[in-house]
Amino acid sequence: MAFDFTITARCPRTRARCGCFTTPHGTVQTPRFMPVGTAATVKGVTTPQLQETGAQMVLANTFHLHLQPGESVVEDAGGLHRFMGWEGPLLTDSGGFQVFSLDAINRIDDDGVVFRSPRDGSRIDLTPERSMAIQRALGADVAMAFDQCPPYPASEAAVAEACRRTHRWLERCVASHTGGDQALFGIVQGGCFPHLREASARVVAAMDLPGIAVGGVSVGEPVEEMHLVVRQVGPLLPEQRPHYLMGVGSLREMAIAVANGFDLFDCVLPTRLGRHGTALVGGERWNLRNARFRHDHGALDPSCRCLACRQHSRSYLHHLFRSEELLGRTLLSLHNLTTLLRFTTAMARAISEGCFAEDFAPWEPDSPAAHTW
């Protein structure tokens with residue numbers, strides 16, 4: 001089989017598990033954070049540098065690649081792996097989230113979405129079939145189903161309609177998706193309405209796809225609402241499939257999600273913060289532009305082995321950002337990516353060694369370490 005998911009270890013006190021997700025371009029050890037390479041590049045980071053962070057699977061954005069350079073260019077290059085020079089597993093989103101974030105949508109109906117290109121104003125029709133065709137041409141290992149992600153806040157009626165449409169579109173994605181060398185993942189929606197989340201999880205799980213994702217979180221809702229969704233939906237997902245929580249990359253939220261059975265995560269946060277001078281250190285966010293770093297010649301994070309921490313000081317990084325040097329953006333992006341990948345790797349190690357609940361889940365009420373949070 002081109003795709004397989006094997007659970008290799010479990011936490012005895014939570015739903016956390018370690019797994020191996022096998023794809024045609026390699027195996028992903030879970031739990032694992034996936035860097036976002038929107039336009040076939042993780043911003044400011046070369047492929048060899050990306051490999052050094054510990055990344056095993058990378059995302060690319062169907063919507064943006066369709067606009068520029070166009071999926072035909074990528075297909076002519078031999079597919080996304082060859083086009084961007086990444087030999088490991090790749091995942092492409094469906095384009096749905098970006099489309100529904102636009103102000104220039106002309107029409108949403110059961111057929112699909114019609115909108116104006118933000119590049120040149122041309123009309124674009126995006127349907128489940130079209131999304132599948134674009135992702136097939138891009139050639140990533142995993143393609144995401146075309147779904148409707150409702151905004152936050154939205155009425156119960158609007159979210160219910162988005163769920164119904166998402167489920168109907170998933171059926172069309174399954175019918176039009178071809179090729180055993182590309183897996184299709186379905187997406188659970190339902191907003192912050194528990195009964196809609198439960199119904200959506202059961203519909204998507206019943207499709208028996210190679211993987212399942214939970215979308216519509218981290219879209220502006222209070223973080224407590226995200227936790228409720230994660231805790232509710234996690235147990236409803238098919239046990240022997242990888243569980244992907246979309247758009248989440250903060251340490252606490254990833255740990256809570258892992259404790260509830262999630263395996264894969266993505267977020268633009270580490271590189272976005274890095275480009276603006278913010279480093280993730282010890283669970284905190286440090287603004288390296290601040291004057292307190294001007295004479296601080298220590299390593300950014302002595303426990304980290306990324307290029308920024310291994311070869312440069314806080315003072316030097318401060319200098320780069322105060323001087324508007326591009327190198328600073330690259331170095332902090334590398335550090336932040338390394339931090340999130342180290343964190344998910346450490347969770348995997350703790351699960352394997354039987355100490356995940358003590359080390360990573362003190363916020364769970366029944367954790368032996370609950371008093372430490």
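The values are calculated or read from the model by the stated rules, or taken from the named source; none is laboratory data. Treat the numbers as computed from the prediction; the structure is a model and nothing was measured. We place every Cβ from the backbone using ideal geometry, glycine too, and count neighbours over all the protein chains shown. Ligands, DNA and RNA are stripped out before the accessible areas are found, and what is left, the full protein with its side chains, is counted by its heavy atoms. Shrake-Rupley method; radii C 1.70, N 1.55, O 1.52, S 1.80 Å.
Would you please name the residue that is modelled with the lowest pLDDT, looking only at residues in the range 60-111 that are of a type in the set (D, E, K, R) and under 22 Å from Gly216 (Cα atoms)?
Asp103
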Starting from the range 343-364, take each residue that is within 18 Å of Ser303 (Cα to Cα) and part of a helix (DSSP H, G or I) and list its partners that are basic (Lys, Arg) and modelled with pLDDT of 90 or more, counting only C-beta distances under 6 angstrom and pairs at least six apart or across chains. Thr344/Arg32
Within the range 176-184, can one find any residue that is assigned to a helix (DSSP H, G or I), open to solvent by 60 Å² or more (accessible area, probe 1.4 Å) and at pLDDT 95 or above? no
Members of the range 292-314 found to be open to solvent by 20 Å² or more (accessible area, probe 1.4 Å), touching a helix residue (DSSP H, G or I) at 6+ places or on another chain (Cβ under 8 Å) and part of a helix (DSSP H, G or I), listed by number: Leu307, Arg314
Scan the range 248-299 residue by residue and report those that are in contact (Cβ under 8 Å) with a residue 60 or more places away in the chain and touching a Cys at 6+ places or on another chain (Cβ under 7 Å). Gly249
Taking the residues in the range 277-289 that are open to solvent by 70 Å² or more (accessible area, probe 1.4 Å) and either touching a helix residue (DSSP H, G or I) at 6+ places or on another chain (Cβ under 8 Å) or among the aromatic types (Phe, Trp, Tyr) (or both) as candidates, determine which candidate is farthest from Leu340 (Cα to Cα). Arg289
Is at least one residue of the range 328-347 in contact with a Lys or Arg (Cβ under 6 Å, 6 or more places away or on another chain), of a type outside the set (Val, Ile, Thr) and modelled with pLDDT of 95 or more? yes
Name every residue in the range 241-270 that is open to solvent by less than 10 Å² (accessible area, probe 1.4 Å) and over 8 Å from the mean Cα position of the chain (by Cα), in order of residue number. Pro242, His243, Met254, Ala255, Ile256, Ala257, Val258, Ala259, Gly261, Phe262, Asp263, Pro270
Scan the range 90-104 and tell me whether some residue there is in contact with a Lys or Arg (Cβ under 8 Å, 6 or more places away or on another chain) and farther than 20 Å from Val36 by Cβ. yes
Please verify whether the range 299-307 includes one or more residues that are under 27 Å from the mean Cα position of the chain (by Cα), among the basic types (Lys, Arg) and at pLDDT below 95. no
In the range 127-142, anything farther than 19 Å from Met57 by Cβ, in contact with a helix residue (DSSP H, G or I) (Cβ under 6 Å, 6 or more places away or on another chain) and open to solvent by less than 30 Å² (accessible area, probe 1.4 Å) is listed as Pro128, Met132, Ile134, Ala137
Specify which of the listed residues (Ile124, Ile108) is without any contact (Cβ under 8 Å) to a residue 60 or more places away in the chain, at negative phi and in contact with a Phe, Trp or Tyr (Cβ under 7 Å, 6 or more places away or on another chain). Ile124
Of everything in the range 143-158, what is buried (at least 16 other Cβ atoms within 10 Å of the Cβ) and among the aliphatic types (A, V, I, L, M)? Give them in sequence order. Ala143, Met144, Ala145, Ala154
Scan the range 159-172 and tell me whether some residue there is out of contact with any strand residue (DSSP E or B) (no Cβ under 8 Å at 6 or more places or on another chain), part of a helix (DSSP H, G or I), β-branched (Val, Ile, Thr) and crowded, with 23+ Cβ neighbours inside 10 Å. yes
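Say we look at the range 201-239 and pick out the residues that are in a helix (DSSP H, G or I) and not aliphatic (A, V, I, L, M); which of these is surrounded by the most Cβ atoms within 10 Å (Cβ to Cβ)?
The residue in question is Gly234.
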